[in-house]
Amino acid sequence: MIYLIALALALHLIAATLWVGGMFLLHMCLRPNLGALEPPARLTLMRGTLGKFFPWVWAVIATLVGSGYLMLFAVYGGFAGAGMHIHLMNGLAFVMILLFAHLFFAPWKRMRRAVDGQDWAAAGRNLGQIRTIVTINLTLGLAVIAISGGGRYLA
């Protein structure tokens, strides 16, 4: 069982790193440089970039939920045995998942359609909504990382 828990933890950490690191790259490194591009080039680039990133996010979410609950029940015996830091991570994770699901099924869907139809104004508005949600999720993701690293020492 210890090897399964170790594997689950490794997968959990890798998945969290991919999601939060990807959001950090998008928000802090790519986004500031996009202003140099004209809207058609900027929006087409973001459509392609997000189109590659979002399937990874879905895989990451499945990995995080699966590995997280495996560890929750194998290590703590369920929620009753888990510390407050585990409950916080779980709650914030589901907020992040719900925000991403909204992002994916609403502004991302509209942005793809707008870029494909060369409606640059609509695509820009939807990219702005995506940026806002990514900013919130990045902040939450960084908080979850801090909680996971230090939370057990606060109890």
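The values are calculated or read from the model by the stated rules, or taken from the named source; none is laboratory data. None of the values given here were measured: they were computed from a predicted structure. Here the Cβ positions follow ideal geometry from the backbone for every residue, glycine too, while neighbour counts run over all protein chains shown.
Can you pull out the helices (runs of 4 or more DSSP H) entirely within the range 38-155 that have at least 1 residues that are aromatic (Phe, Trp, Tyr)?
Passing ranges, in order: 39-76, 84-103, 120-150.
Given the options Ala93, Ala82, name the one that is modelled with pLDDT under 95 and either surrounded by 13 or more Cβ atoms within 10 Å (Cβ to Cβ) or acidic (Asp, Glu) (or both).
Matching residue, one of Ala93, Ala82: Ala82.
Is it the case that Gly66 is touching a helix residue (DSSP H, G or I) at 6+ places or on another chain (Cβ under 9 Å), surrounded by fewer than 16 Cβ atoms within 10 Å (Cβ to Cβ) and closer than 28 Å to Leu45 by Cα?
So Gly66 fails the test.
Counting just the residues of the range 106-155 that are polar (S, T, N, Q) and closer than 24 Å to Pro39 by Cα, which one comes out surrounded by the most Cβ atoms within 10 Å (Cβ to Cβ)?
If we take residues in the range 106-155 being polar (S, T, N, Q) and closer than 24 Å to Pro39 by Cα, then Asn126 is surrounded by the most Cβ atoms within 10 Å (Cβ to Cβ).
Return the residues of the range 31-58 that are surrounded by 13 or more Cβ atoms within 10 Å (Cβ to Cβ) and of a type in the set (A, V, I, L, M); say none if nothing qualifies.
Leu34, Leu37, Leu43, Leu45, Met46, Leu50, Val57
Give me the pairs: first residue in the range 120-137 and in contact (Cβ under 8 Å) with a residue 24 or more places away in the chain and closer than 16 Å to Trp19 by Cβ, second residue aromatic (Phe, Trp, Tyr) and surrounded by 20 or more Cβ atoms within 10 Å (Cβ to Cβ), beta-carbon distance under 7 Å, and six or more apart or on different chains, which are they?
Ile130/Trp108; Asn137/Phe100
Quick one: Ala62 ticks every box in (1) under 19 Å from Phe104 (Cβ atoms); (2) in contact (Cβ under 8 Å) with a residue 24 or more places away in the chain except a single one, so which number is it?
Tallying (1) under 19 Å from Phe104 (Cβ atoms); (2) in contact (Cβ under 8 Å) with a residue 24 or more places away in the chain, Ala62 fails exactly one: (2).
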